[in-house]
Amino acid sequence: MAANGEHQGVVKPPPTPSPLRFSKFFQSNMRILVTGGAGFIGSHLVDKLMENEKNEVIVVDNFFTGSKDNLRKWIGHPRFELIRHDVTEPLLVEVDQIYHLACPASPIFYKYNPVKTIKTNVMGTLNMLGLAKRVGARILLTSTSEVYGDPLEHPQKEEYWGNVNPIGVRSCYDEGKRVAETLMFDYHRQHGIEIRIARIFNTYGPRMNIDDGRVVSNFIAQALRGEALTVQAPGTQTRSFCYVSDMVNGLIRLMEGDNTGPINLGNPGEFTMTELAETVKGLINPSVTIKMVENTPDDPRQRKPDITKANEVLGWEPKIKLRDGLPLMGEDFRLRLGVPKTA
Ligand SMILES: O=C(O)[C@H]1O[C@H](OP(=O)(O)OP(=O)(O)OC[C@H]2O[C@@H](n3ccc(=O)[nH]c3=O)[C@H](O)[C@@H]2O)[C@H](O)[C@@H](O)[C@@H]1O
């Protein structure tokens, strides 16, 4: 017997892998695709994944809301690739894991081109599931707390089916993500694809677009510019804000764990928008005023994650309190806006 267990003189050909799986015979690295990796959460996720020297990271982004600036430090790195690509078009890359984040997440951006938003959620997710099926990759979808719509249950558990307007101006996003979740489970049941679904609640932190339009970035930019903070009426609506590093840790735990989800990821600390404005004012610029402005249709009146499942299944809970996270984001915005330090 030869050392390799074959009879001498009989050379067995190696198994013939499909071309897309071929590199798996030669590499022990994990190759990870991050769609929307040039965006706010995506780029923080890339930073964390790149810390592990066994990971190779491929980012695809169409740069509609993402920016190369967010990935500056990785461009040219041997374990990193950046591809300009729109997920509504098919993509063929050989990967082991797919974090599928690509989609505008700020209401003003996703409502700007609603047809494109729903295409991104439906066709983008179909394309990524097709890719996962073809190469045998595990795929994680970043869904959203918006699948609960204007929730009639509070706080929201994963079992709650939601209260969503199917024909409203937000539907391109919230119904789009609901279809994306359906597609994930249909591919899982029909084709055995390994899926993970995170329902992300409002997330904030450095690198959000300054003109993103979401509430935390608006208030911080307004406070730094010395402008009135615009609380949309009535100001009693609530949100729960999760710092981005906590969110990224939750996403990686979900991907690495055994549970398909959906799993809520968010910080259960709940604030009214008036309280948030008062907090930002106190921490960033006590001399600014707060003004009430008109709201937009279908704005959810309350939102707070029940994170029992994330805690039990992933051993995850957020660590950073709003009062500690806001100054970190404030400093990033101050530098990017070129506002001098006051004290
Ligand atoms: O930040 C997020 O992670 C979430 O942002 C949006 O959801 P929404 O909660 O409506 O986000 P914002 O636009 O930040 O609005 C939050 C609340 O602040 C209020 N708001 C917003 C902007 C502003 O200048 N002032 C203000 O009071 C809005 O009326 C709303 O009640 C997206 O739809 C979610 O998918 C996304 O996950």
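Residues that are touching a residue at least 60 places away in the same chain (Cβ under 8 Å), more than 11 Å from the ligand (Cβ to nearest atom) and on the phi > 0 side of the Ramachandran plot: does segment 198-216 have at least one?
yes
Quick check on my filter: what residues within segment 302-329 are part of a helix (DSSP H, G or I), closer than 24 Å to residue 281 by Cα and more than 16 Å from the ligand (Cβ to nearest atom)?
Across segment 302-329, the qualifying residues are 323, 324, 327, 328.
Just one of (1) touching a residue at least 60 places away in the same chain (Cβ under 8 Å); (2) crowded, with 19+ Cβ neighbours inside 10 Å; (3) over 22 Å from residue 121 (Cβ atoms) trips up residue 48, so point out which.
(2)
Run residue 108 past the list (1) surrounded by 19 or more Cβ atoms within 10 Å (Cβ to Cβ); (2) not in a loop (DSSP other than H, G, I, E, B) and report the number of the one that doesn't hold.
It fails just one condition, (1).
For segment 321-338, enumerate the residues that are within 30 Å of residue 163 (Cα to Cα) and surrounded by fewer than 19 Cβ atoms within 10 Å (Cβ to Cβ).
Within segment 321-338, 321 is the sole residue that qualifies.
Would you confirm whether or not segment 139-151 contains a residue that is surrounded by fewer than 24 Cβ atoms within 10 Å (Cβ to Cβ), touching a Ser or Thr at 6+ places or on another chain (Cβ under 8 Å) and at negative phi?
Looking for residues that are surrounded by fewer than 24 Cβ atoms within 10 Å (Cβ to Cβ), touching a Ser or Thr at 6+ places or on another chain (Cβ under 8 Å) and at negative phi, one finds none in segment 139-151, hence no.
Looking at the structure I just gave you, is residue 187 under 24 Å from residue 47 (Cα atoms) and not aliphatic (A, V, I, L, M)?
no
Could you give me the residue pairs with C-beta distances under 6 Å whose first residue belongs to segment 141-165 and is aliphatic (A, V, I, L, M), whose second residue is more than 11 Å from the ligand (Cβ to nearest atom) and assigned to a loop (DSSP other than H, G, I, E, B) wherever it lies, and which are 6+ apart or on separate chains?
147/162
Taking the residues in segment 84-109 that are among the hydrophobic types (A, V, I, L, M, F, W, C) and closer than 30 Å to residue 218 by Cα as candidates, determine which candidate is farthest from the ligand (Cβ to nearest atom).
That would be 87.
Need at least 2 residues that are within 22 Å of residue 140 (Cβ to Cβ) per element, so show me which strands (runs of 3 or more DSSP E) inside segment 184-289 make the cut, counting only ones lying wholly within it.
Qualifying strands (runs of 3 or more DSSP E): 195-200, 263-265.
Please name all residue pairs, on different chains or six or more residues apart, with Cβ atoms under 6 Å, provided the first residue is in segment 220-245 and is more than 23 Å from residue 336 (Cβ to Cβ) and in contact (Cβ under 8 Å) with a residue 60 or more places away in the chain and the second residue is among the polar types (S, T, N, Q) and within 8 Å of the ligand (Cβ to nearest atom).
Hits for this filter: 232/295; 233/295; 239/202.
Are any of the residues in segment 59-70 without any contact (Cβ under 8 Å) to a residue 24 or more places away in the chain and part of a helix (DSSP H, G or I)?
Let us first name the residues in segment 59-70 that are without any contact (Cβ under 8 Å) to a residue 24 or more places away in the chain, namely 69.
In the following step, the residues that additionally are part of a helix (DSSP H, G or I) were identified as 69.
Checked segment 59-70: at least one residue is without any contact (Cβ under 8 Å) to a residue 24 or more places away in the chain and part of a helix (DSSP H, G or I).
Using the structure shown, decide if residue 87 is buried (at least 22 other Cβ atoms within 10 Å of the Cβ) and free of Cβ contacts under 8 Å to residues at least 40 places away in the same chain. Talk me through it step by step, then tell me what you get.
Numbers: buried (at least 22 other Cβ atoms within 10 Å of the Cβ): yes; free of Cβ contacts under 8 Å to residues at least 40 places away in the same chain: no.
Against the criterion (buried (at least 22 other Cβ atoms within 10 Å of the Cβ) and free of Cβ contacts under 8 Å to residues at least 40 places away in the same chain), residue 87 does not qualify.
Could you go through segment 178-197 and let me know if any residue there is within 11 Å of the ligand (Cβ to nearest atom) and either surrounded by fewer than 19 Cβ atoms within 10 Å (Cβ to Cβ) or under 20 Å from the mean Cα position of the chain (by Cα) (or both).
Checking segment 178-197: not a single residue is within 11 Å of the ligand (Cβ to nearest atom) and either surrounded by fewer than 19 Cβ atoms within 10 Å (Cβ to Cβ) or under 20 Å from the mean Cα position of the chain (by Cα) (or both).
Quick check: anything in segment 123-131 within 16 Å of the ligand (Cβ to nearest atom), in a helix (DSSP H, G or I) and surrounded by 16 or more Cβ atoms within 10 Å (Cβ to Cβ)?
Yes, segment 123-131 contains a residue that is within 16 Å of the ligand (Cβ to nearest atom), in a helix (DSSP H, G or I) and surrounded by 16 or more Cβ atoms within 10 Å (Cβ to Cβ).
Kindly establish whether residue 175 is under 21 Å from residue 105 (Cβ atoms), acidic (Asp, Glu) and in contact with a Pro (Cβ under 6 Å, 6 or more places away or on another chain).
Yes; evaluated as a whole, the condition is true for this residue.
Could you say which residue among 115, 135, 169 is farther than 29 Å from residue 238 by Cβ, of a type in the set (A, V, I, L, M, F, W, C) and in contact (Cβ under 8 Å) with a residue 60 or more places away in the chain?
The unique qualifying residue is 135.
Checking residue 255 against (1) surrounded by 19 or more Cβ atoms within 10 Å (Cβ to Cβ); (2) more than 16 Å from the ligand (Cβ to nearest atom); (3) free of Cβ contacts under 8 Å to residues at least 60 places away in the same chain, only one condition comes out false. Which one?
(3)
Would you call residue 159 over 28 Å from residue 95 (Cβ atoms), away from the ligand (no atom under 16 Å from the Cβ) and among the acidic types (Asp, Glu)?
Yes: the conditions hold for residue 159.
Any read-out appearing in this document is the output of simple, stated calculations on the displayed coordinates, not a laboratory observation. Predicted model only: the values in this text are computed from it and were never measured. Counting neighbours? That spans all protein chains shown, and the Cβs are built from the backbone with ideal geometry, glycine included.
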